[in-house]
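Written below as structure tokens is the structure these notes are about.
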Amino acid sequence: MNIVIPEEALQSGTGHWPIYIGDIAATFRQAGHHVDVLAHRQADPGLLAELNATPWFSRNCWVDASRQGGLGGLRHALRYAREISAWLRLHPDSRWVCALTMRLQHLVAFSWLCRRPFHRGHRRYLLLFVQGFGNYQGQGLPVAFPPSVSTRLARWCFRRLAPAVRSGRVVLAAETRAMQAELETFSQLPVQLFPHPVSLHPAVAVPSTRTPEPNSPTVTITCPGFARYEKGNDLLQAACRQLFAEEPQLDLQVISQWPQPFSLPDGSVDRPDPELIADGRFQLINESLNRQAYAELLKRSQLIVLPYRRSSYHNRVSRVAIEAALHGIPLVYMSGTWCEEVVEFTGAGVSIQSETPEAVCAALRLALTQLEDLTRKARNNAELVEENYSAARFRQLLLEC
């Protein structure tokens, strides 16, 4: 079977796209399928070689401001549609077109492409949405869809796609149950669940025991990923300040990946606390990590803390959560976020009950008292996570379509 994966964001090699798409493409190729990965025309040569990708797209709407907004977005949709159409005319045997990070620009393009006579027949489309069209209203409340130009345009596109979706020629997909429910409500069309595939890093085997090295802290807690407001790094820092002040003899280390300050909603800027760093138990990583360095960080971790804000992560995947579960590491996570789906597999997590430093501190304390039991559950159930969040599972789901 011939598959094409178009991704204009494959350009500099940063972001999750290279690993995510690379894992999927490699799995299909190993199973005997032919996979064409279409990247940006100015993609890094090393990236092209790593993914065996073809430089194809002339624009990248993820970073090009002129390809966003109303008029810019429509211009991009037309160009994107023309460039995909040009590829498919050169390669008419492409059986599946898998667009794995859909935005409104891409939705407009495919709503046109899928109705063109040339694109009908044997070819099928997987359109996977990582961004929705609604506004988060609060935990337990339904998502609201504003009556904006963007949402009206998106609904119009879904109406155009409806016959192809109902016939099975177009498969709408989401990575999380919350996003699946949101898209089904918004589009009034069936949406399939395609869990986000993550590969088990060979350098971090799930251990039978994970004991600290001599002179190292008893427990190492990590918060991977660049510090941002939506990831709750400000909550974690304030929680550590409280925890260390109340328990000065606590033998642990918290590691946060925080290369630069970030803005808060009130306009202020949050940056690492010098006094907290001077304590020695709050350590910063100031640079991006390659795969090996990231694997080493996971190998050191007894707990991973993800104090994500619900407004951003109620329906959004965190690769870190999957990677932690794959490697048998318990989670401290915000309740009401997608992370709950991962913890359902492992039973190895402590939820943060509210978006406050006090709640983060309380969850960390509870996780430390239950660490042995949490770790045992995480290790025992890591295989369940691997079965669900794998490229092999992704391939199985696509073939079942």
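The values are calculated or read from the model by the stated rules, or taken from the named source; none is laboratory data. Please read these numbers as outputs of a predicted model, since none were measured by experiment. Please note: Cβ atoms are built from the backbone with ideal geometry, for glycine as well, and neighbour counts cover all protein chains shown.
The figures follow:
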| quantity | calculated |
| --- | --- |
| Pairs, first touching a residue at least 60 places away in the same chain (Cβ under 8 Å) in segment 67-93, second surrounded by 16 or more Cβ atoms within 10 Å (Cβ to Cβ) and among the hydroxyl-bearing types (Ser, Thr, Tyr), C-beta under 6 Å, six or more apart | Leu88/Ser94 |
| Matching entry among Trp96, Trp62, Trp56, Trp87 (being over 25 Å from the mean Cα position of the chain (by Cα) and at negative phi) | Trp87 |
| Matching residues in segment 283-313 - criterion: being closer than 28 Å to Thr369 by Cβ and under 15 Å from the mean Cα position of the chain (by Cα) | Leu306, Tyr308, Arg309, Arg310, Tyr313 |
| Unique residue being part of a loop (DSSP other than H, G, I, E, B) and either touching a helix residue (DSSP H, G or I) at 6+ places or on another chain (Cβ under 6 Å) or in contact (Cβ under 8 Å) with a residue 40 or more places away in the chain (or both) when the list is Ile304, Ile322, Ile329 | Ile329 |
| All helices (runs of 4 or more DSSP H) inside segment 354-399 with 3 or more residues being within 15 Å of Thr220 (Cα to Cα), in contact with a Leu (Cβ under 8 Å, 6 or more places away or on another chain) and not hydroxyl-bearing (Ser, Thr, Tyr) | 357-369 |
| Qualifying position, being over 24 Å from Phe244 (Cβ atoms) and surrounded by 24 or more Cβ atoms within 10 Å (Cβ to Cβ), among Leu326, Leu384 | Leu326 |
| Subset of segment 14-40 (residues that are exposed (fewer than 15 other Cβ atoms within 10 Å of the Cβ) and in contact with an Asp or Glu (Cβ under 9 Å, 6 or more places away or on another chain)) | His34 |
| First in segment 36-52 and assigned by TED's automatic domain parsing to the domain that holds His91 and among the β-branched types (Val, Ile, Thr), second anywhere and buried (at least 21 other Cβ atoms within 10 Å of the Cβ) and not in a strand (DSSP E or B), Cβ under 6 Å, 6 or more apart | Val37/Ala25; Val37/Leu51 |
